[in-house]
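The values are calculated or read from the model by the stated rules, or taken from the named source; none is laboratory data. Remember, it's a predicted structure, so these values are computed and weren't measured experimentally. Counting neighbours? That spans all protein chains shown, and the Cβs are built from the backbone with ideal geometry, glycine included.
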């Protein structure tokens, strides 16, 4: 009985090892879809607000990085950021929506770079899936082809 178990284990390990070697040297690799957790997706915003919480807050803007933009996390400016990030909850419809005058979007669906870095400037402390993707590249994976990201607005319920 021990002999058969050892043979089966040997065959299993051989198959697994052979399959791994083929995957690591082949351009035909299974796709990887990176689904970030809470706070793991970039969010862009466009403002057209009638009022703000502080006089230094912008009322009208073009699209800009809302999450995660490290420059918006400084004292006083953070109040503007919180006011733009917050969602309103409707008890009747049980849905959430942005504050009045705030439009948001999640960039880069299908592109891995928007989940590799939380800050589009790609500053070191905001790396998210970058190490995972960098370790897949030598195995034959390609950004945007076999490695893709599926970012979403993490502030909203599924």
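The residue of the range 37-61 that is nearest to the chain's Cα centre (by Cα), among those that are under 22 Å from residue 118 (Cβ atoms) and free of Cβ contacts under 8 Å to residues at least 24 places away in the same chain, is 61.
With the structure loaded, tell me whether residue 57 is in a helix (DSSP H, G or I) and surrounded by 15 or more Cβ atoms within 10 Å (Cβ to Cβ) or whether it fails that test. Taking the combined requirement at face value, the residue does not satisfy it.
Tell me, which residue of the range 61-77 that is in contact with a helix residue (DSSP H, G or I) (Cβ under 8 Å, 6 or more places away or on another chain) and surrounded by 12 or more Cβ atoms within 10 Å (Cβ to Cβ) is nearest to residue 48 (Cα to Cα)? Even if it seems obvious, please write down each step before you answer.
To start, the set of residues in the range 61-77 that are in contact with a helix residue (DSSP H, G or I) (Cβ under 8 Å, 6 or more places away or on another chain) comprises 66-73, 77.
Filter once more, so that each one left must be surrounded by 12 or more Cβ atoms within 10 Å (Cβ to Cβ): 66-70, 72, 77.
Values: 66: 14, 67: 18, 68: 20, 69: 19, 70: 22, 72: 18, 77: 17 Å.
This residue is 66.
Looking at the range 36-44, can you tell me whether even one residue there is surrounded by 12 or more Cβ atoms within 10 Å (Cβ to Cβ), over 22 Å from residue 130 (Cα atoms) and touching a helix residue (DSSP H, G or I) at 6+ places or on another chain (Cβ under 9 Å)? No, the range 36-44 contains no residue that is surrounded by 12 or more Cβ atoms within 10 Å (Cβ to Cβ), over 22 Å from residue 130 (Cα atoms) and touching a helix residue (DSSP H, G or I) at 6+ places or on another chain (Cβ under 9 Å). Being surrounded by 15 or more Cβ atoms within 10 Å (Cβ to Cβ), at pLDDT below 95 and under 16 Å from residue 43 (Cβ atoms) is a description that applies to residue 126.
Whether any residue in the range 11-26 is modelled with pLDDT of 90 or more, part of a loop (DSSP other than H, G, I, E, B) and within 26 Å of residue 115 (Cβ to Cβ) is what I want to check.
Residues of the range 11-26 modelled with pLDDT of 90 or more: none.
Checked the range 11-26: no residue is modelled with pLDDT of 90 or more, part of a loop (DSSP other than H, G, I, E, B) and within 26 Å of residue 115 (Cβ to Cβ).
Take the conditions (1) within 29 Å of residue 54 (Cβ to Cβ); (2) exposed (fewer than 12 other Cβ atoms within 10 Å of the Cβ); (3) over 19 Å from the mean Cα position of the chain (by Cα); residue 97 misses just one of them, which is (2). The set of residues in the range 64-83 that are at pLDDT 90 or above, within 23 Å of residue 128 (Cα to Cα) and part of a helix (DSSP H, G or I) comprises 78, 81, 82.
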